[in-house]
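See structure below.
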Amino acid sequence: MAIFRQLSLGAKAALAAGTVFVSMVVSRSYLAESLEFRAWRCLFRLQLALFANSLMLLGSIYIWRSTISNLRHSPAAESACFQLWKMIVAAFLALAHSSFFTMIFLVAEEPYLFSLVAYTCLGAYVIMLCFLCVLSGMEQAYQLLAWRAGRAVGSLDKTRKLALRPALVVVVTTVLSVVGLLNAAQPPAVTTVEVPMHRLHPSMNTLKIVLLSDIHLGPTVGRTKMDMFVRMVNTLEPDVTVIVGDLCDSEASVLRTAVAPLGQLRSRLGTYFVTGNHEYYTSDVSNWFALLMSLNVQPLHNENDDDWICLAGVDDIEANILHYTGHGMDLEKALEGCSPDHPTILLAHQPLAAKRALQARPDINLILSGHTHAGQIFPLNVAAYLLNPFFAGLYQVAESTFVYVSPGTAYYGIPMRLGSRAEITQLILRPAP
């Protein structure tokens with residue numbers, strides 16, 4: 001206990017994150033079968049929220065030190081304005097931390113105002129933390145250059161830096177947050193992509209597939225947005241509509257009315273769905289499958305429909321990691337029975353799953369994925385680009401093989417898009433020359 005007290009605040013936060021992570025592994029390995037399913041599901045989601053918050057504590061400590069602690073010895077530290085500023089920063093950080101808990105306790109047909117505010121603060125938190133790190137790096141570089149030039153940084157410069165830094169951080173964070181909010185509030189862009197396809201029957205020339213992904217019905221996306229997406233899709237008059245995962249962030253019973261507009265989708269040859277990683281985080285996939293089928297949306301659970309083209313779908317690879325009973329990516333099963341005379345289109349939520357599928361079956365003609373959100377907000381764009389084999393848009397992998405990654409139809413949690421744009425994609429299939 002004495003050793004724990006001697007640890008720095010950052011070390012304590014890191015230790016808390018490690019402890020929660022271990023508890024998640026233990027509950028997944030040893031408690032999943034002994035606890036009642038609903039109780040285990042609540043425990044696991046609470047652990048996810050605690051894990052995210054313990055990691056965020058490291059960033060919150062850095063933000064607090066940069067905007068509050070470093071100013072305590074300045075002349076303005078005793079002023080009423082400084083005390084108000086401390087309260088504002090504390091409230092901002094508290095709201096950002098509370099966002100993950102709204103995923104558990106505040107999900108309904110339409111978003112609650114508190115959830116929107118909390119997730120907006122989370123987005124601003126990400127932007128602020130990134131900018132502070134960039135600013136700190138620039139300051140270190142400036143000091144290094146000054147030292148190499150034999151010039152010391154004067155005390156006046158340091159005093160001004162301490163005063164100006166919080167102001168600059170707030171201005172940049174506010175501007176970028178407003179831009180992100182306005183961008184995310186727009187209807188998704190409709191992007192048309194033509195894909196040449198081998199073995200495409202002439203009667204299927206100009207077949208139109210509308211692609212949706214990463215809608216994330218939950219604390220900040222509700223029925224109003226879903227209704228808008230359905231109206232936009234119907235305007236395009238698709239032959240087929242596909243939803244490639246991450247439709248939801250809560251249980252089917254909670255979001256039943258929010259997802260109801262999907263029943264109004266008009267697709268000549270049907271509407272299809274495959275799971276994303278977030279479906280498995282809800283631990284309610286079976287109920288979601290039943291609800292979607294009642295809305296005339298056909299889940300492809302490692303299976304295919306070979307009536308007109310071999311349209312196959314695989315479970316998200318996260319199901320394998322989570323050991324979700326009865327689920328997991330099974331490409332061989334998904335493509336079983338596909339006619340060699342038909343083109344093959346595979347729905348796979350994650351680009352990593354698309355890469356694995358092509359390694360096993362390079363004869364697949366087209367893979368439709370999502371997951372990356374094109375990064376959604378900077379600087380997450382950089383991480384999403386580096387961590388995924390395909391980032392966003394159309395990739396020609398071989399002469400007759402393509403991968404298309406949707407940047408997402410809405411957003412996850414944070415109601416912002418910075419450096420990316422939500423999209424509804426219509427893919428027009430044409431016979432390859």
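So in the chain, which Cys have no other cysteine's beta-carbon sitting under 4.7 angstrom from theirs?
When partners are defined as cysteine Cβ atoms under 4.7 Å apart, the chain leaves Cys42, Cys81, Cys121, Cys130, Cys133, Cys248 without one.
Take every DSSP beta bridge with both residues inside region 190-431 and express the antiparallel ones as a percent of the total, to the nearest 5. Before the final figure, lay out the partial values.
On the way: 13 of 45 bridges.
Of those bridges, close to 30 percent are antiparallel.
Please give the residues of region 283-313, grouped as numeric ranges, whose backbone N is less than 15 Å from a label point set 7 Å along the Cα-to-Cβ vector of Thr325.
283-287
Report, for the chain, the % of DSSP beta bridges that are antiparallel, rounded to 5. It would help to have the intermediate numbers written out before the result.
On the way: 13 of 46 bridges.
Among the beta bridges of the chain, antiparallel pairing accounts for roughly 30 percent.
Angle, helix 285-294 long axis vs. longest principal axis of the chain, Cα atoms, 0 to 90°, nearest 10?
For 285-294 against the chain, the angle is about 50 degrees.
Ordered by packing density, taken as the mean number of other Cβ atoms within 10 Å over each peptide's residues, highest first, how do 284-292, 365-373 rank?
Working: 284-292: 18.1, 365-373: 27.0.
Result, highest mean Cβ count within 10 Å first: 365-373, 284-292.
May I ask you to list the aspartates and glutamates whose Cα is less than 15 Å away from that of Lys208, ignoring any residue fewer than eight positions away on the same chain?
Glu194, Glu237, Asp239
Would you look at the GNM of the chain, springs on alpha carbons closer than 10 Å, and say which of Ile309, Ile88, Ile414 moves the most?
Judging by the Gaussian network model, the answer is Ile88.
Relative to the longest principal axis of the chain, what angle (0 to 90°, nearest 10) does the C-alpha long axis of helix 113-148 take?
That helix lies at roughly 60 degrees to the long axis.
Leaving ligands, DNA and RNA out of it, report the carbon-plus-sulfur percent of the accessible area of the chain at a 1.4 Å probe. Mind showing how you got there, number by number?
Details: 12630 of 20030 Å².
In the chain, the share of accessible area belonging to carbon and sulfur is 63 percent.
Order 391-404, 208-221 from most to least packed using the mean count of other Cβ atoms within 10 Å.
Details: 391-404: 16.9, 208-221: 26.1.
The densest-packed peptide leads the list: 208-221, 391-404.
Taking the Cα atoms only, what angle lies between the long axis of helix 37-67 and the longest principal axis of the chain, rounded to 10 degrees?
In the chain, helix 37-67 runs at an angle near 40 degrees to the longest axis.
State in Å² the accessible area per residue of the chain; use a 1.4 Å probe, count heavy atoms of protein chains only, and round to the nearest integer. Mind dumping the intermediate values first?
On the way: 20030 Å² over 433 residues.
It amounts to 46 Å² per residue over the chain.
Counting Lys +1, Arg +1, Asp -1, Glu -1, what net charge surrounds Ala334 among other residues with beta carbon under 9 Å of its beta carbon?
Values: positive: Lys333; negative: Glu303, Asp315, Asp330, Glu332, Glu336.
Net local charge, Ala334 excluded: -4.
What relative contact order, as a whole-number percentage, does region 317-433 give when Cα pairs under 8 Å and 6 or more residues apart are counted? Could the numbers behind the result be given before it?
Values: 177 pairs, mean separation 24.4, N = 117.
For region 317-433, the relative contact order is 21 percent.
Show the residues, 5+ positions off or on another chain, whose built amide H is closer than 5 Å to the amide H of Tyr272.
Hits under the 5 Å cutoff: Thr241, Val242, Ile243, Gln298.
Once the chain is represented by equal point scatterers at the alpha-carbon sites, with solvent omitted, what log10 I(q)/I(0) does the Debye formula produce at q = 0.13 Å⁻¹?
Debye intensities relative to I(0), on a log10 scale: -1.15.
The values are calculated or read from the model by the stated rules, or taken from the named source; none is laboratory data. As the structure is a prediction and not an experimental result, all values here were calculated from the model. Virtual Cβ from ideal backbone geometry, glycine too; neighbours counted across all protein chains shown. Each accessible area value is taken on the protein alone, full model and side chains, heavy atoms only, with ligands, DNA and RNA left out. Shrake-Rupley method; radii C 1.70, N 1.55, O 1.52, S 1.80 Å.
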